[in-house]
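Scroll down for the structure; my scribbles are underneath it.
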There are 2 protein chains.
Amino acid sequence: MSDATQDIAGCLTQLGNMSGMKMSTALAVREQHGRDISHHKPQPPDAVVYPRSRDDVVAIVNICRAHRVPVIPYGAGTSLEGHISAPRGGVCVDMSEMNAIIAINASDLDAVVQPGVTRKTLNAHIRDTGLFFPIDPGADASIGGMAGTRASGTNAVRYGTMRENVLALEVVTADGRVIRTGSRARKSSAGLDLTRLFVGSEGLLGIFTELTVRLYGIPEVIAGASCAFETLEGAVNTTIATIQSGIPIARMELIDDVQVEAINRYAQLGLPPGNTLLMEFHGTAAGVEEQAKAVQAIAAGEGGAAFKWSVQAEQRTRIWQARHDAVWANQQMRPGWSMWPTDVCVPISQLADCILATKADIEREGLFAPVLGHVGDGNFHLTIFFDPADPASLPRIKLLNERLVRRALAMQGTCSGEHGIGLGKTQFMREEHGEAVDIMLAIKRALDPDNILNPGKMLGPGALPADRGAVARG
Amino acid sequence: MSDATQDIAGCLTQLGNMSGMKMSTALAVREQHGRDISHHKPQPPDAVVYPRSRDDVVAIVNICRAHRVPVIPYGAGTSLEGHISAPRGGVCVDMSEMNAIIAINASDLDAVVQPGVTRKTLNAHIRDTGLFFPIDPGADASIGGMAGTRASGTNAVRYGTMRENVLALEVVTADGRVIRTGSRARKSSAGLDLTRLFVGSEGLLGIFTELTVRLYGIPEVIAGASCAFETLEGAVNTTIATIQSGIPIARMELIDDVQVEAINRYAQLGLPPGNTLLMEFHGTAAGVEEQAKAVQAIAAGEGGAAFKWSVQAEQRTRIWQARHDAVWANQQMRPGWSMWPTDVCVPISQLADCILATKADIEREGLFAPVLGHVGDGNFHLTIFFDPADPASLPRIKLLNERLVRRALAMQGTCSGEHGIGLGKTQFMREEHGEAVDIMLAIKRALDPDNILNPGKMLGPGALPADRGAVARG
């Protein structure tokens, strides 16, 4: 699949000569950088470089473009759809050394960071300011990677996703130009919204070298709550009614019965068995009490038993840590197995039907696939486990995933709420977006005519029209 | 400036032959469609067409493209920066007959509408559902036009702008293709964010034929409040502290002393004189009381006198109507004069400095230019009045506006918070965005190679690099 005019040796020679920049071609380093935390086959790049400045990134892009070598930006390696693998070889640009926190503008509730800063590092850094950065995919992802994949997480129902929380970007484009998008103003109607175009572009349009993100005041009071339900419908209907009532809930997470059992075993939480909602309320003392009681009343009408809520930090922290560690809890249930994570997002009125049909499908297939989700957004995840020694399992999971996506699309939803497309979901791009994919391709070609930026992902062969699938460009 | 290959006569003949579609070439109709409600010189199109369906829009675009004739989408004609004028002639596409409300998905809190539906029509239609659509530019703009200009208004501080509230679009692109962007899911990481790219694209990339927008539950309790301040700093500092405290205020509007006087005369409101904040709180009874008292305490420390708040609808409605009618109140202060409206948006920490420096500038120039603003967002407006019979006034206002914009840009703000670029602010595009304008131009060229969609606006000659300004393309 590599370009005939590609000159990887010449490229690496020039990159290796860049003063003061680390580069590695060691197999172990390359393999580590070609692998994410999903089922996708690791595909190592030809080299990994570690830029320390915007100028380094410009030089890398210019050298790679001159040699027709793919450029793959790399944050913390926690993506889930093969975004960082190197199916056509090329140079992985590991941003971890660009990890400066440039400015905390506490009075404007924003922060300016380099892309390699992780979300936990940023939050630790600003703790004393009384502010926090709310976007929390499970892993300690880098802010640059989170912007690249339009990440969200448990707080998105109240605080939005990276789409809403990136104010401005500095980007190195495929022609080696440095542009700035957006400003520190909260809103603007000055020109095309390039910030939102670049957020979620998965490294296809440019490499971020600086990001301005929104911060929020740490709420005066935070209350956590959990509630087990007799049925999954009861839990989902409680979610739907809460959102429809306009209760400004900060987190609303569903963990299904299978997931509850795994978490209890892993973290000894002693959650009551059954489909469970984990919730969080942010506000004043009176406000969180009002919210919690309102949701409790809704839950009571939907078969929710033992609705517990508390403003104690300790129990709350344990619950959310366990929620974030769900993937490891699941792994413990199937030691040595591999996992295929996937997610979809649907209009909230469709959520119960979508989850129930999916659970029935999992059961029919006899698979181990806990369901959890940011259900306040209509978004849920499956982590489908499989024995890598069993060659029959992958094709079955592939079909299950296809049925899941088509179910979500038929309900006017999307093939991915927050994991993105990468390599894993290119085949669904045209099913979801139709000819709008051609508009995306036109933009990609206009901004990266040599197709050097993360080629083969998102708009790769699987996303081309059926009659062109076999003759992928670049 | 018209294209040598343009064939307007042939174009109008074919458009006139389209079955069942109204077209007008009457001067009065054309003049009305070439004029917005600002100071920009009316420039009538060659014809006005009134499509009734998506297929009509496709046919119009195809016919115009074949004849190299500009296509200018038109909503309610309430834009402020010359977006709808026809500097190169062409065909105005008046969307007012595409005014169907296609679906109200109450349980998903969204609505699907045709572009000609106005915001007030939508809100009247859904009143019985307990939902509302919050975006409220002063005028009763069309939803299509509001999406095209990325409109916002008084509720944006809580509910966001059109950027946050358009979920999905159906768009006819320059090649006559119909695409759909987004879905009814609340979030997605599936591909490039075309929805956000098209929102605010001012008719340069396509014509919207259907929009899916977010709705919200009408709050249980709404409280209005007003407070006059000894100084303008006091009012702005109250705003800054309110936002920084994370109080979820729904509206926070500044009207300066000049504006208060005009509104009092026009609407007999009897507001105390002085720089005044108008506020609104949404929530439960306890919630709005808590919010109002918190802001009252902040205001008291900033010289705010007579902080009044109330949950009575009548007084509140009068205040907000007066706020929305500010422009007419101002007009009454200078009968027969013309107005030059402008707006900027800055990081909130810069807001007091920006407004004070601007007020001093207005005073030095001896101009009548009330200041009001959506200050919770860092956004404020001037409406600069001038005697059209005085030829000296326009150049002075132009310079005042330039100083305003440069002041905002120096503070890391934007040249327009919500009015957009149109013809009026193209000259500032490169000052604000630098080479990012070239990325916008590359996208424009990729999606509209013949430059038929609203040519000359936003990315017109004023936005080209200095050495190309004189040789505008298309």
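Take chain B, mark every one of the GluC sites (Glu not before Pro) that falls in a DSSP loop and has at most 16 other Cβ within 10 Å, then report the longest stretch left between them, sites excluded.
On the way: sites that count: B:Glu220, B:Glu230, B:Glu435.
No qualifying site falls inside B:1-219, the longest such stretch.
Please compute, for peptide B:106-116, the average count of beta-carbon atoms on other protein chains lying within 10 Å of each residue's beta-carbon.
Numbers: counts 2, 8, 11, 6, 4, 0, 0, 0, 0, 0, 0.
Mean inter-chain Cβ contacts per residue within 10 Å come to 3.
Could you give the distance between the Cα centres of region B:104-167 and region B:294-327, to the whole Å?
Cα centroid of region B:104-167 versus Cα centroid of region B:294-327: 24 Å apart.
Could you tell me what fraction of 2.2 N^0.38 Å the Cα radius of gyration of region B:101-217 comes to, as a two-decimal ratio? Intermediate results must be reported in sequence, preceding the final value.
On the way: Rg = 13.2 Å, N = 117, 2.2 N^0.38 = 13.4 Å.
In units of the globular-protein estimate, region B:101-217 measures up at 0.98.
Could you please report the charge total around B:Val172, scoring K, R as +1 and D, E as -1 over all other residues with beta-carbon less than 12 angstrom from its beta-carbon? Walk me through the intermediate numbers first.
On the way: positive: B:Arg54, B:Arg65, B:Arg177, B:Arg180; negative: A:Glu435, B:Asp55, B:Asp56, B:Glu170, B:Asp175, B:Glu210, B:Asp448.
Once positives and negatives cancel, what remains is -3.
Can you sort B:Cys415, A:Cys64, A:Cys354 by how many other beta carbons sit within 10 Å, fewest first?
On the way: B:Cys415 32, A:Cys64 27, A:Cys354 22.
Fewest-to-most Cβ neighbours within 10 Å comes out as A:Cys354, A:Cys64, B:Cys415.
Take every residue in peptide A:444-453, count the Cβ atoms of other chains within 10 Å of its Cβ, and give the average of those counts.
Working: counts 2, 2, 8, 4, 0, 1, 0, 0, 0, 0.
Mean inter-chain Cβ contacts per residue within 10 Å come to 2.
Looking only at chain A, where both bridge partners belong to it, what percent of the DSSP beta bridges are antiparallel (to the nearest 5)? Mind showing how you got there, number by number?
Working: 60 of 68 bridges.
Of those bridges, close to 90 percent are antiparallel.
Of the beta bridges DSSP finds with both residues in the protein assembly as shown, what % are antiparallel, to the nearest 5? It would help to have the intermediate numbers written out before the result.
Working: 121 of 137 bridges.
Taking every DSSP beta bridge with both residues in the protein assembly as shown, the antiparallel ones total about 90 percent.
Relative to the compact globular guide of 2.2 N^0.38 Å, what is the alpha carbon radius of gyration of the protein assembly as shown, as a ratio? Can you show the working numbers first?
Numbers: Rg = 27.6 Å, N = 948, 2.2 N^0.38 = 29.8 Å.
Normalised by 2.2 N^0.38 Å, the Cα Rg of the protein assembly as shown equals 0.93.
Filter A:Lys308/A:Lys359; A:Lys120/A:Lys457; A:Lys398/A:Lys425; A:Lys187/B:Lys425; A:Lys444/B:Lys444 down to the pairs with a C-alpha to C-alpha distance above 18 Å, please. All intermediate terms of the calculation are to be shown ahead of the outcome.
Details: A:Lys308/A:Lys359 26 Å; A:Lys120/A:Lys457 28 Å; A:Lys398/A:Lys425 11 Å; A:Lys187/B:Lys425 16 Å; A:Lys444/B:Lys444 13 Å.
The pairs that break the limit, which is 18 Å between Cα atoms, are A:Lys308/A:Lys359; A:Lys120/A:Lys457.
Counting only DSSP beta bridges with both residues in region B:8-97, tell me the antiparallel percent, nearest 5. Could you put the intermediate results ahead of the total?
Details: 3 of 10 bridges.
Beta bridges within region B:8-97, antiparallel portion: roughly 30 percent.
Bear in mind these aren't lab numbers, they're just calculated from the coordinates by the rules spelled out. On a predicted model such as this, the values are computed, not experimentally measured, just so you know. We place every Cβ from the backbone using ideal geometry, glycine too, and count neighbours over all the protein chains shown.
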